[in-house]
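Read-outs throughout are calculated quantities, based only on the coordinates presented, and are distinct from any laboratory measurement. Note that the coordinates shown come from a computational prediction; the quantities given were computed from them, not determined experimentally. Using ideal geometry, Cβ is built from the backbone for each residue, glycine included, and neighbour counts are taken over all protein chains shown.
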Amino acid sequence: MSSEGAQQDRAGDEAAGGGAAGGRTVRVVLVDDHRMFRTGVQAEIGETARTGVEVVGEAADVDQALTVITATRPEVVLLDVHLPGGGGVEVLRRSAAMMGDTECPVRFLALSVSDAAEDVIGVIRGGARGYVTKTITGTDLVNAVFRVADGDAVFSPRLAGFVLDAFASTDAPPVDEDLDRLTQREREVLRLIARGYAYKEIAKQLFISVKTVESHVSAVLRKLQLSNRHELTRWAAARRLV
């Protein structure tokens, strides 16, 4: 995520004495299931005296995220889209009350390796204030955090077009309420099941256990009121999800 240019920019800011913060501190929670990535982000933006960002907590899955966010009430959550336990969309769904707090709202900025339109639209629909990819520089990420803390919407340039297409175009597809009942991870499992993958193959591709795959399939069948994977495959094919 860092670059020589970004390092030079930060060095210049620090030498000027102001840094990115201008004397202000924003409290942040990092939510990502890759510990090494969290460590890298912490090292890149978490030196509070230089950046103005104070990392007050970390989490690796949905349940941990809700626990940490509730306990620390940060101003901004850097949220990965793909998380064990239901994905970033599930974190947003369960954080609705904190996002809606009129006095001290918790705001979310998606930070993901994915640049898929479906992922972008899913978290924005869920309430995130922006979406940036993991190719972002440390300097730009700090700026994005401060902007989101101030209530602005922040997107990587290419991703902003997805949002405009989905929400501004009169040709945007209608919301599928059945599909919206599923978490991001459940949608991934649904597609792979519909394509004929075995549970072991799905587990390997998504880096989860076979037991977790079985749990996701059970949840999908229950939410969609289907009886077996054959009905699930027909359901997915009818919606061109395969």
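Find, among the GluC sites (Glu not before Pro) in segment 50-108, those assigned to loop by DSSP (not H, G, I, E, B) with at most 12 other beta-carbon atoms within 10 angstrom.
Working: sites: E54, E58, E75, E90, E103; in loops: E75, E103.
Sites meeting the loop and neighbour criteria: E103.
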Between L179 and E201, 0.36 nm times their residue separation minus their Cα-Cα distance comes to what? 5.6 nm
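Would you mind calculating the gained length between Q225 and R158 on full extension (0.36 nm times residue separation, minus the Cα-Cα distance), in nm to one decimal? List each step's numbers first, then the result.
Numbers: separation 67, 0.36 × 67 = 24.12 nm, distance 3.70 nm.
Difference between extended and current length: 20.4 nm.
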